[in-house]
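Notes to accompany the following structure.
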Amino acid sequence: QVQLVESGGGLVQPGGSLRLSCAASGSILGISNMGWYRQAPGKQRELVAAITRGGSTNYADSVKGRFTISSVSAKNIIYLQMNSLKPEDTAVYYCKAFWYPKDFWGQGTQVTVSS
């Protein structure tokens, strides 16, 4: 089992920045990749960014150039640095870990971009 705890969400004005953190604990050695997803009201959950154990990353087109995913393996933490935030980035952001063949999810953290 893997436990994930997100933090760092909040209210920010358009153009502002936030950094989300996700701390993993439990059977972490089997995790092959982790990522951030988001779900806005009335919409499906979507991938925002992902990172593999080897450090490869991929991003949704809507966040490329604005968001950066990173990891600190020694601390079992991943981050999502979000810059130039837009109102359409408003959503609950979830951390996910893939431990074959299962996905583990955090509880989510709310990000609201509004003036």
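What is the count of Lys pairs in the chain whose alpha carbons sit under 25 Å apart, if the two are 8 or more places apart or on different chains?
Lysine pairs satisfying the spacing and distance rule in the chain number 9.
How long is the gain from Val5 to Trp105 if the chain were fully straight, where each residue apart is worth 0.36 nm and the alpha carbon distance is subtracted?
Net length gain for the segment: 35.1 nm.
If you roll a 1.4 Å probe over region 41-115 with all protein chains in place, what percent of the accessible area is carbon or sulfur?
50 percent
If I histogram all Cα-Cα distances within the chain using bins 5 Å wide from 0, what percent of pairs lands in each bin?
So the P(r) values, bin by bin, are 2, 13, 25, 26, 19, 10, 5, 1, 0.
Using 7 Å Cα-to-Cβ label points, what is the Ser115/Gln39 separation (nm, one decimal)?
Rounded to a tenth, the inter-label distance reads 3.1 nm.
On full extension of the chain, what length is gained from Ser17 through Asp61, given 0.36 nm per residue of separation minus the C-alpha to C-alpha distance?
Extra length from Ser17 to Asp61 when fully extended: 14.0 nm.
Please give the per residue accessible area of the chain, computed with a probe of 1.4 Å over protein heavy atoms only, in Å².
Heavy-atom accessible area per residue stands at 54 Å².
If you put +1 on each Lys and Arg Cβ and -1 on each Asp and Glu Cβ, how big is the dipole of the chain around its Cα centre, in Debye rounded to 20?
120 debye
The values are calculated or read from the model by the stated rules, or taken from the named source; none is laboratory data. For clarity, every value in this text was computed on a predicted model and none was experimentally measured. So basically every Cβ, Gly included, is an ideal-geometry build from the backbone, and we count neighbours across all protein chains shown. Please note that ligands, DNA and RNA were not included when accessible areas were found on the heavy atoms of the full protein model with its side chains. Shrake-Rupley method; radii C 1.70, N 1.55, O 1.52, S 1.80 Å.
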